[in-house]
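Q: Take a look at this one; I'll ask things after.
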Amino acid sequence: MRYPEDGAIPDERGMALAVAVFALAVMSGLVGGTFVAGLIEQQSGRNTLYVMQAAEAAEAVLQEALLPVPASTLSTLPIGGAAQSPVAVAFPGLTVEREVVRLTGSLFLIRTRASRVDAAGTPLATRTLGLLVKLTTDSASTTEGVMPLTQRPWVQLY
């Protein structure tokens with residue numbers, strides 16, 4: 001095959017442009033993939049934060065429920081019947097509902113459901129916890145109070 005006198009190869013003109021465009025396309029694909037992976041990682045971290053906020057709010061309200069629960073109110077609940085009317089507690093960006101169910105004569109389940117909500121009130125994450133408590137009588141006096149079970153009183157409900 002004969003080549004022209006100036007040394008240019010006629011079949012390969014414009015090949016450098018095609019290779020450069022292909023290289024730019026590959027590099028932009030790699031950069032775009034990295035940005036997508038970073039965005040997913042950020043959203044995953046934010047969702048984990050929302051779940052932990054909801055779980056901590058549910059646990060806080062559950063612990064708080066042990067303090068003001070009068071034993072006389074609990075004694076009036078029917079065994080296995082409907083739960084005590086839910087009590088709603090509001091934190092900024094969180095809503096928590098608490099209810100008490102009587103399981104046996106002296107065993108109760110305190111259930112809390114916390115939701116992390118956005119500005120429109122749409123739930124972003126929800127956690128439900130339960131605590132098994134029993135009625136106990138103080139040995140020094142005859143007043144009744146509630147006390148968590150000694151073994152495995154916490155339950156994560158789904």
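Q: Please go through the stretch 73-128 and give me each residue that is of a type in the set (A, V, I, L, M), part of a loop (DSSP other than H, G, I, E, B) and closer than 28 Å to Ser44 by Cα, ordered by number.
A: Result: Ala119, Ala120.
Q: Condition first: assigned to a helix (DSSP H, G or I) and in contact with an Asp or Glu (Cβ under 6 Å, 6 or more places away or on another chain). Can you find one or more residues in the stretch 31-40 that meet it? I'd like the intermediate steps shown before the answer.
A: Within the stretch 31-40, the first condition is being assigned to a helix (DSSP H, G or I), and the residues that meet it are 31-40.
Retained after the next criterion (residues that are in contact with an Asp or Glu (Cβ under 6 Å, 6 or more places away or on another chain)): none.
No, the stretch 31-40 contains no residue that is assigned to a helix (DSSP H, G or I) and in contact with an Asp or Glu (Cβ under 6 Å, 6 or more places away or on another chain).
Q: Taking Leu109, is it surrounded by 13 or more Cβ atoms within 10 Å (Cβ to Cβ) and either under 30 Å from Lys134 (Cα atoms) or at pLDDT 85 or above (or both)?
A: yes
Q: Separate question: Go through the residues of the stretch 1-11 one by one and say whether even a single one is modelled with pLDDT under 85 and among the β-branched types (Val, Ile, Thr).
A: For the stretch 1-11, residues modelled with pLDDT under 85 and among the β-branched types (Val, Ile, Thr): present.
Q: Here is a further query. Name the residues in the stretch 76-106 that are within 22 Å of the chain's Cα centre (by Cα) and either among the charged types (D, E, K, R) or at pLDDT below 85 (or both), would you?
A: Selection gives Pro86, Val87, Ala88, Val89, Ala90, Phe91, Pro92, Glu97, Arg98, Glu99.
The values are calculated or read from the model by the stated rules, or taken from the named source; none is laboratory data. This one's a predicted model, so the numbers in the text were calculated from it and none came from an experiment. Ideal geometry is used to build each Cβ from the backbone, glycine not excepted, and the neighbour counts take in all protein chains shown.
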